[in-house]
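The values are calculated or read from the model by the stated rules, or taken from the named source; none is laboratory data. The structure displayed is predicted, hence computed values, not measured ones. SASA here: full protein model, heavy atoms, side chains in, ligands and nucleic acids out. Shrake-Rupley method; radii C 1.70, N 1.55, O 1.52, S 1.80 Å.
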Amino acid sequence: LVAAMVAEWAVGRGSTVTGTGLAGVGRSAVLDRAEGRGRSQGWKVARAGASSVEGQWPYAPVLEALSALSRRHPTLLDGLADTYREEIEQALTGRDVGWSGENSHQRLFVAAAELMRVAAAGPGLLLMVDDVHDADEASLRLLHYLARCAGDERVLLVLAYRNPAPPRVQDATASMVARGGGHVVGLRPLP
């Protein structure tokens, strides 16, 4: 998985890499290694994880990653237009950004994509979400949008989920990889 990620990164375009495997196979350890590799290369790194314990909290893993990114690189928000920055700041402060299936979520999607683009300037951005099998529908849709927007940026979106995953997770991640050019990597137990 890390080799596939580095290969995508080397060509300087965005991509989505999805690592799947059975429970306990070492998905999180692979993400740890990728995170270390990204940091050593000078990439901005944002990592989060979905959680079934928190329930269907819309956008939680993406907001967690954006929050960590913004804390680690506080000047990133300064690089956004006021409307995008306000949308991100409101989402990060816990404003109700619930998924209604209507177009009110579009402002958050566009603002998140713009933050991703700003963060990708320079060496690039490694955005990782673990345990995607526990992600809610809203988070999957936002991740899908970010995967589509990453194609022209130095962004590597890395997702990891346990198999068997719910069909909605498999469908969403397969679409992300197909639309954004990427890879699905089946992980075997690590030694």
Reported to the nearest 10 Å², Tyr59 has, with a 1.4 Å probe, an accessible area equal to 0
Residue-normalised value, i.e. accessible area per residue, for the chain at 1.4 Å probe, in Å², stands at 46
Ignoring ligands and nucleic acids, Arg117 exposes an accessible area, probe 1.4 Å, in Å² to the nearest 10, of 80
If N is the residue count of region 15-127, its Cα Rg over 2.2 N^0.38 Å rounds to 1.13
Everything considered on the Cα gyration tensor (a ≥ b ≥ c; rounded for a/c under 1.5, else prolate if a/b is larger than b/c, else oblate), region 40-92 must be described as oblate
Once Asp32 and Thr93 are pulled to full extension, the length gained, defined as 0.36 nm per residue separation minus their Cα-Cα distance, is 19.2 nm
Using the Kirkwood radius over Cα pairs of region 132-191, the Stokes-Einstein translational diffusion coefficient at 4 °C and 1.567 mPa s, in µm²/s and rounded to a whole number, is 107
Between Gly14 and residues 5 or more places away or on another chain, the pairs with built amide H atoms under 5 Å apart involve Asp152, Glu153, Val155
Rg from C-alpha atoms of the chain, normalised by the globular rule of thumb 2.2 N^0.38 Å, equals 0.95
Taking the alpha-carbon centre of each part, the distance from region 163-180 to region 115-140 in Å is 15
Taking placed amide H atoms and a strict 5 Å upper bound, the residues 5 or more places from Gly19 or on another chain that come that close are Leu159, Ala160, Tyr161, Val185
Carbon and sulfur atoms account, in whole percent of the 1.4 Å probe accessible area of the chain, for 49
The long-range amide H neighbours of Val45, using H built 1.01 Å from N in the peptide plane and a cut-off of under 5 Å, are Leu126
